[in-house]
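Structure first, then comments.
What follows draws every value from the coordinates through simple rules; no lab data is involved. Values in this document were obtained by computation on a predicted structure and should not be read as measured data. A quick note on method: Cβ atoms are made from the backbone with ideal geometry, for glycine too, and the neighbour counts reach across all protein chains shown.
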Amino acid sequence: MRPNLEPDFLLAKSRAKPWRGTYTLVGHTAAVVEAVTILVDVLGDRLISQFGLQCSLSHFRATARLAAYLHDWGKANDHFQMVVRKNRNPLESPQLIRHEIVSVLLAYSYREWLQQCEGDFFTALSAAGGHHLKFGGNVKKGDTGELGEIRAGSGSDRIYLYTDSKSFKALLKYGVKNLGLPRELKLPRKHPTCWTVTDIKTLQNEVLDAFFDWQHDTVFASVVKALLVAGDSIGSALPPTNLKIQTWIEQELSKTLEIEEIQQVIDSCLQGKELLNFQISLGNSSKRVTLARAGCGTGKTLGAYNWAKQYAVGGKLFFLLSHYWYKYRRIFRLRT
């Protein structure tokens, strides 16, 4: 039997009471859609150029917004709702299936309706399923070809869905108002309110078959997912601080590296000495990705700063240090 919700609305977060605004599923979804929309509006043309995307800005924007809209649909189930209400201990009774996998299965059940808005539905669906990076089943067991993992020990062979609740209907209305979805919801079958393990497995196979036939653009899908991960983080963190999402994003993205700043760092590291030949060569590299291979303490980081003078000014600079251990050496790969 499906548990009643107290209070009678769907939650997205389990923060302190009273639950309101972005703690609700509709509120959180709206915040994430807003964050992703602003990110695309500020960075869109640059992202299309940098990643060589073969699509229009409007198609890119619509797909990213659709992914943001769908990403937490799966929280409308009794296992998740009992966890955020502290009525279920996930360590003792894990949810039968992760919420983002439920999002994919549920959105796929509404695909005839969702495909009527602009954007690539399957790209949005894959981003929604992958926004917590656990889309591919049990990684430890190597079952990454599966669509999520059905967990043992949940104490139940089914999940109940709140697709007939006022909150979920409000979520559908949000899609009509903000994504241009049709007001009339026509589905070939009645919307689901309960899935058994058998139902879930059947749906998983159906969705996997659909993805198998999907003519996807890997780079496009990856950029959309990255935007969704960023937007979800912003939409979760900012609202409780009373910071306006648009103001914060625009301010943070406007903070870019200046030549004086990177030169100050280089001068501080040099302490009056001259750059070594290989550090100068790194700075003169004609490639956006350059490999520096040397032992510890030889000055690779300083060389990378010199390289950044050519490629990072006017943008953001990130250092990713990957350690590959061999017998007596390391290889560091530095890239923006």
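Miscellaneous remarks
- Likely footprinting exposure, GLU118, GLU260, GLU100, fewest C-beta neighbours within 10 Å first: GLU260, GLU118, GLU100
- Only one residue of VAL197, HIS131, ILE48 has its Cα farthest out toward the positive end of the dipole of the stretch 21-252, where Lys and Arg carry +1 and Asp and Glu -1 on Cβ, and that residue is VAL197.
- Peptides 59-71, 187-199 ranked from most to least packed by the mean count of surrounding Cβ atoms within 10 Å: 59-71, 187-199.
- Distance between the stretch 190-212 and the stretch 81-135 - C-alpha centres, whole angstrom: 12
- Here's the list of aspartates and glutamates a cross-link from LYS309 could span, going by alpha-carbon distance under 19 Å and ignoring same-chain residues fewer than 8 apart: GLU258, GLU260, GLU261, ASP267, GLU274.
- Charge dipole of the chain about the Cα centre (unit charges at C-beta), most positive-ward option of LEU317, GLY153, PRO239: GLY153
- Selection from SER222, THR163, GLN279 lying farthest towards where the dipole of the stretch 161-309 points positive, charges on Cβ: THR163
- Projected-area average for the stretch 233-314 over all orientations - Cα convex hull basis, square nanometres: 7.7
- Here the chain is treated as a sphere whose radius is the Kirkwood value from Cα pairs; by Stokes-Einstein at 4 °C and 1.567 mPa s it diffuses with a coefficient of 58 µm²/s.
- Across LYS166/LYS225; LYS75/LYS190; LYS13/LYS173; LYS177/LYS201; LYS13/LYS190; LYS13/LYS166, pairs whose alpha-carbon gap is larger than 25 Å: LYS166/LYS225; LYS177/LYS201; LYS13/LYS190
- Length added when fully stretched, ASP267-LYS86, from 0.36 nm per residue minus Cα-Cα: 59.8 nm
- Only Cα pairs under 8 Å and 6+ residues apart enter the sum, and on that basis the relative contact order of the chain stands at 18 percent.
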